[in-house]
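Working notes for the structure below.
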Amino acid sequence: MSLHTPLCDRLGIDHPVVQAPVGSVSTPELAATVSNAGGLGTLAVTWRDFEETRAAIEAVRDRTGAPFAVNLVLDDGATEHPTDDHLDACLDAGVPLVSFSFGDPAPYVGRVHDAGADVLATVGSADDARTAVEAGVDAVVAQGWEAGGHVQSDVATMALVPRVADETPDHVPVVAAGGIADGRGLAAALALGADGVWVGTRFVATEEADAHERYRSAVVDGAADETVRGTPFPKGWPDQPHRTLESRATERWIAAGRPPLDERDDADRVVAETASGEPLERYVDLPPLSGVDGCVEELPHYAGQSVGGVDEVVPAAAVVERLVEDATATVESLERLRDDDA
């Protein structure tokens, strides 16, 4: 069973399903599994050093011959490594697609194309989409504010996607992001003018993601009205709004009046440590990965409002398969509503 859209043709994939980079939770296994299932797997590399980036890309290439992408965040507040050098490391490793977010991709598009790769750019407004198209990107990702993790839009997905589609020429596919976790969301995105979907929260609760067991369980148990958007976890990426599950940390921050980091007396308190023994302080922007020990609940459990549609941990390939099957069934059910004699 398959849904074929212009996005599939442009990116060389079978299904119009893109796995969002999901930050530190992403792994080569997750990206490769999604790509092998016919979608587009994506590997977050912004917070990896150059050697780690090359090794991760090689690990994906060892697992799949299908297209996959890497994501680079362009905001200087989030990056530890120069983007120019980081991009060179990605292209030298032979990555076929590069996804840019939280910044202007224009300075980098030509270099990516010269290396024989394609460019996706995440935008939060119709104006941003127009600018990205003028820069020559190959696909635009319209991220609504329902999305989990760090969010670059103040507009809901259902309102944003049609406006972005209106500003985007036919040869540049649009990918809808934010609040999508099942096939009904994929069908709705297509109806809004998108050519595919960008799914993050659903892929956090998969066997291949590097999320801590308690983080995945929280995603499975979470409800759509149990997320918080704001800046409760600004250490590592100051001032950038993000969406997480409600927790003791977010409740404490809200009760205190949503203070900035420099007004939080407990900000230096260590609450957990990584598998390698690195201390993790309160309000750090790192989600709990597998191997983290300590008060996991104090770390950000990034999740979008689609969390209410996640009810179990499954293999990533099953997520792709169900998205396509359920979207196809939804489209067929809508077809049955049409009155040809009207």
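The values are calculated or read from the model by the stated rules, or taken from the named source; none is laboratory data. Because the structure is a prediction, the values reported are computed rather than measured. Here the Cβ is made from the backbone with ideal geometry for all residues, glycine too, and neighbour counts use every protein chain on show.
Scanning region 110-160 for residues that are farther than 28 Å from Gly309 by Cα, surrounded by fewer than 19 Cβ atoms within 10 Å (Cβ to Cβ) and small (Gly, Ala, Ser) yields a total of 5.
Here Ser217 meets each of (1) closer than 23 Å to Ala249 by Cβ; (2) among the polar types (S, T, N, Q); (3) crowded, with 19+ Cβ neighbours inside 10 Å with one exception, condition (3). Among the residues making up region 312-342, those that are in a loop (DSSP other than H, G, I, E, B) and at pLDDT 95 or above are Glu312, Val313, Pro315. Of all residue pairs spaced 6 or more apart or on separate chains, those with beta-carbon atoms under 6 Å, a first member in region 153-174 that is at pLDDT below 95 and a second member that is of a type in the set (Lys, Arg) are Glu167/Arg130.
What residue, among those in region 70-109 that are of a type in the set (Val, Ile, Thr) and surrounded by fewer than 19 Cβ atoms within 10 Å (Cβ to Cβ), is modelled with the lowest pLDDT?
Result: Thr79.
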